[in-house]
Amino acid sequence: MTLHLVKYDAACHAIAVAVDVDEVKDIRDKAVAIEAYARQANNFEMERQAAIIRVRAERRCGELLAEMEKAKGVRMNGRDDSGEFRRKNKANTESPRTLSDLGITKDQSSKWQRLAAIPEKEFEDAVSQPGIKPTTTHIISPKQESPPRMDSLALWFWGRLLDMERNGLFERSMDSLFSEMTDAMQQDAERLIPKLRRFVNE
């Protein structure tokens, strides 16, 4: 699964011209899946592009949901945009689709409509920041800064140190550890320990 630039541009265009919530939400859900895959593959650039598509889709969903709510209000008032009463017909008496029908929660609808209300320039500035994976929550609540992305190797090294502590390694002597190793393991240890010592001393 890859996210080529051509597909990225095509997805952004499809979101911009979409007029149906179902269509935009489908793009959003696919972007979420790609984002999760990229995170597992440790491909941050793919993850970031998928996140941008997801946020753009959520913004467009917010715009369409706001339009639906406005149209619902018109139906309840019985007037069109010109203020004239409309004659009832089959189309006008059909029940509007609910959030549940669309597979959208009330919280998502609220956040996406708030995202849609953000000025265009402010939104574009937020999603175009290099090295940052945008989220709807971060954009609509900029004071809540996203935690910095940790270096995967630093996280791995930290985890190994905790493992050594939990397993009681620091309470064992080097001689006792060597005595439990095969000859090949001892040779590797003798080769690597000096490198580890230099690394720690630096």
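The values are calculated or read from the model by the stated rules, or taken from the named source; none is laboratory data. Model, not experiment: these values are computed from the prediction. Using ideal geometry, Cβ is built from the backbone for each residue, glycine included, and neighbour counts are taken over all protein chains shown.
Could you grab me the full set of residues in region 154-180 that are under 45 Å from the mean Cα position of the chain (by Cα), over 29 Å from Asn42 (Cβ atoms) and outside any helix (DSSP H, G or I)?
Scanning region 154-180 gives Gly168, Arg172.
What tally of residues in region 96-136 results from selecting those that are surrounded by fewer than 17 Cβ atoms within 10 Å (Cβ to Cβ), among the small types (Gly, Ala, Ser) and part of a helix (DSSP H, G or I)?
2
Of all residues in region 137-150, which are at pLDDT 90 or above and in a loop (DSSP other than H, G, I, E, B)?
none
Can Leu169 be described as surrounded by 10 or more Cβ atoms within 10 Å (Cβ to Cβ), modelled with pLDDT of 85 or more and out of contact with any helix residue (DSSP H, G or I) (no Cβ under 9 Å at 6 or more places or on another chain)?
So Leu169 does not fit the description; no.
Pick from region 24-33 the residues that are surrounded by 17 or more Cβ atoms within 10 Å (Cβ to Cβ) and among the charged types (D, E, K, R): which of them is farthest from Ile53 (Cα to Cα)?
Lys25
With Ala36, Ala18, Ala50 as the choices, which residue is of a type outside the set (Ser, Thr, Tyr), modelled with pLDDT under 90 and surrounded by 12 or more Cβ atoms within 10 Å (Cβ to Cβ)? Steps first, answer last, please.
On the way: Ala36 fails: modelled with pLDDT under 90; Ala50 fails: modelled with pLDDT under 90.
The unique qualifying residue is Ala18.
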